[in-house]
Amino acid sequence: MTEQDFIPNTYAKEISSGKTSWKSPSNIALVKYWGKKEGQIPANPSISFTLDNCATTTNLNFSKLAKPIEDYSFDISLEGKVKEDFKPKIATFFKRIEKYLPFLKEYHFTIETSNSFPHSSGIASSASGMSALALCLMDIERQLNPLMSEGYFTQKASFLARLGSGSAARSIQGPIVQWGNHNDTEGSSDLIGIKYPYKVHEVFENYCDTILLVDKGQKQVSSTVGHDLMHNHPFANQRFDQAHENLTSLISIFASGDLNEFIKIVESEALTLHAMMMTSMPYFILMKPNTLEIINKIWAFREQSKTHVCFTLDAGANVHVLYPESEKSIIDQFIKNELVAYCENGQYICDQIGFGAKKA
Ligand code: DP6
């Protein structure tokens, strides 16, 4: 597969106006993407659970302009409010994908977007937001080319989403998606996320993720800046090698359902991500004191209860608490009794593994 595969020929139809709507979920990485090359190419492969409840719904209306314009013509709103400050990010996205969607300069777009999770929750909306928009745009391309195959639609949606935000490439499908070349994973690609192709033990079905909102404030360092700091990072190469090794280990772990080994990889990945931040130059810390309190509580409870609760982190202070569905009642109790006290205003979100984006 190459970029060339996603450049369309002529379109079969002409459409003057229309609309489409997609709901796309967030995802939580088990092996983390941290560091990238030119063109949104990941420095290492990553894998994630697609989430179910945390999602963005985007409605896209489009109408043909009298003549194509130099710039892009669009309005964007979030939860009904016009968001001028979102425009530069969308314009950058359009610029990156224009080669693959030549109709972009021919239409005016009205983008209405809303999130299922509270806006300033510290939950990254770039994966769900960019994938929802990529799917809406692919839907227009499919209206222009009705014979498009389902496979092409899904692959190109992931390809475009990646150009909006790397992790968004993993939000189109579910329940487990891998993105980035990995020698031991057939079909893996730096260009798109693929549905994890090997055996997955039933213990991972309906796997739960309770997201503890430790800090809902604006992050001090954006992911984009963080990725950039992996250039010339003293431990970058060892880290990228480790991600490949962890993905290889996960193949047998997913097949056997060995949760103790699963936990080792997932928690090590989370702490390694934050270790990379702490050893960047300039260095930074995104965890908060309560992040560490929660981690210690999880370790103590796991030891004492012999359950398989574990944590992972994204690029922020919030903690994702992961556990199998069979242990849900005991772990939900533990979360309410011991962890919610560390959340900002006691807020948390109950989620679980999901099956990917849907037409809304
Ligand atoms: C820590 O996908 O947000 O969540 O490609 O610059 O938009 P951009 O970065 P982004 O990075 C996500 C980083 C992460 C790990 C992960 O999701 O794999």
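What follows draws every value from the coordinates through simple rules; no lab data is involved. Since this is a predicted model, take the numbers as computed values, not measurements. Positions of Cβ are generated from backbone atoms using ideal geometry, with glycine treated the same way; all protein chains shown enter the neighbour counts.
Where the centroid of each part is defined by its Cα atoms, how far is region 235-313 from region 64-92 in Å? That distance is 39 Å.
Largest mean-square fluctuation among LEU322, LEU65, LEU213, in a Gaussian network model of the chain whose springs join Cα atoms under 10 Å apart, belongs to LEU65.
For the peptides 45-58, 324-337, the ranking by packing is 45-58, 324-337, with the highest mean count of neighbouring Cβ atoms within 10 Å listed first.
Estimated at 0.36 nm per residue, the fully extended path between LYS81 and MET148 surpasses their Cα-Cα distance by 20.7 nm. Against the chain, whose longest principal axis comes from its Cα atoms, helix 87-97 is set at around 70 degrees. Where does helix 126-144 land angle-wise versus the long Cα axis of the chain, in degrees 0 to 90, nearest 10? Once rounded, one gets 30 degrees. At q = 0.10 Å⁻¹ the log10 of I(q)/I(0) for the chain amounts to -0.61, computed by Debye summation with a single uniform scatterer per C-alpha, solvent ignored.
Round to the nearest 0.05 the FRET efficiency obtained for LYS67 and GLU186 when R0 = 41 Å and r is the Cβ-Cβ distance. With a Förster radius of 41 Å, E is 0.30.
Each Lys and Arg contributes +1 and each Asp and Glu -1, all at the Cβ; summed about the Cα centre of the chain, the dipole is approximately 760 debye. Rounded to the nearest whole Hz, the Karplus-based 3J(HN,Hα) values (6.51 cos²θ - 1.76 cosθ + 1.60, θ = phi - 60°) of region 59-66 follow the sequence 9, 10, 9, 9, 9, 5, 7, 4, with x at glycine and proline.
Cross-link pairs exceeding 27 Å in C-alpha to C-alpha distance, out of LYS83/LYS195; LYS32/LYS89; LYS32/LYS297, comprise LYS83/LYS195.
If each residue of separation counts as 0.36 nm, what is the full-extension length gain between GLN218 and SER326 once their alpha-carbon separation is subtracted?
On the way: separation 108, 0.36 × 108 = 38.88 nm, distance 3.51 nm.
So the extension gain works out to 35.4 nm.
Based on a Kirkwood Rh over C-alpha pairs, give the Stokes-Einstein translational diffusion coefficient of region 231-360 at 10 °C and viscosity 1.306 mPa s in µm²/s. Let's see the in-between values first.
On the way: Rh = 16.4 Å.
Rounded to a whole number, D works out at 97 µm²/s.
Here the peptides 26-33, 353-360, 166-173, 277-284 are ranked by packing, the mean other Cβ count within 10 Å, and the order with the highest first is 166-173, 26-33, 353-360, 277-284.
Taken over region 3-198, the convex hull of the Cα atoms encloses 122 Å³ per residue. Can you run phi through the Karplus equation (6.51, -1.76, 1.60; θ = phi - 60°) for region 252-261 and list ³J(HN,Hα) in whole Hz, with x for Gly and Pro? So the Karplus estimates, Gly and Pro as x, are 6, 5, 4, 6, 8, x, 6, 5, 5, 5 Hz.
Computed from Cα positions, the angle between helix 150-164 and the longest principal axis of the chain comes to roughly 80 degrees. Here's how it looks for SER188: its modeled amide H is under 5 Å from those of HIS182, which are all 5 or more places away or on a different chain.
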